[in-house]
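Structure first, commentary second.
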Ligand code: C5P
């Protein structure tokens, strides 16, 4: 039996995984879920309620009642939203509250492309293709700085690099579903690649995984 094509794309902030995931979704005609937006939405909503990001109970309550149709909005793409996301993402109760929706997305008969930090390890461990996308902190900072500046945020490259280092450390060190490469994920370092080169490399990795899975 041919299994639905589920593609897990993990990696640190601004590694290019979102662009790669969107490209793969287009090529294969699959629905895509950017799971970072879930955590961003929770962080932003906690702050909007006047709550604290270290209040696990409040953050979990917000996560349970999240409106999944309202994820991709500009307020979730800001620097502050990324930082808030990473702080609420350390809470096991928040991760648990978001687990089922993500796993349901991965179970769709159409297949799916899902990107985040724990997709290949926790959300979709049986995905047919797993990519771990990375790039040097300096390259990622440059990319994120361009994106944030383009959105009208006033922030220096040095501040963005510092954000990235803090976020990498927090995401990798947490106990609950830390950022880590699954044993069977293929590493794709995009530091020296253009967007098109990275997209091509990702497609080759998925094609090889599909051939393997069809035996
Ligand atoms: O990918 P993005 O930068 O939008 O993610 C924001 C934050 O959400 C990450 O720094 C991470 O802490 C958290 N996250 C996570 N697990 C995921 C996706 C994102 O912990 N699957």
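Read the figures in this text as sums done on the coordinates, not as results from a lab. All values derive from a computational prediction rather than experimental measurement. Positions of Cβ are backbone-derived with ideal geometry, glycine not excepted, and every protein chain shown enters the neighbour counts.
Quick notes
- Scanning the range 73-98 for residues that are near the ligand (Cβ under 10 Å from one of its atoms) and more than 30 Å from residue 158 (Cα to Cα) gives 94, 95, 98.
- Entry remark, the range 157-215: residues being under 16 Å from residue 85 (Cα atoms) and in contact with a strand residue (DSSP E or B) (Cβ under 8 Å, 6 or more places away or on another chain) number 1 in total.
- Once the range 16-40 is narrowed to residues that are more than 10 Å from the ligand (Cβ to nearest atom) and part of a loop (DSSP other than H, G, I, E, B), the residue that is nearest to residue 117 (Cα to Cα) is 16.
- Scanning the range 45-72 for residues that are closer than 18 Å to residue 116 by Cα and within 13 Å of the ligand (Cβ to nearest atom) turns up 63, 71, 72.
- Looking only at the range 1-15, residues that are more than 11 Å from the ligand (Cβ to nearest atom) and in contact (Cβ under 8 Å) with a residue 24 or more places away in the chain come to 6 in all.
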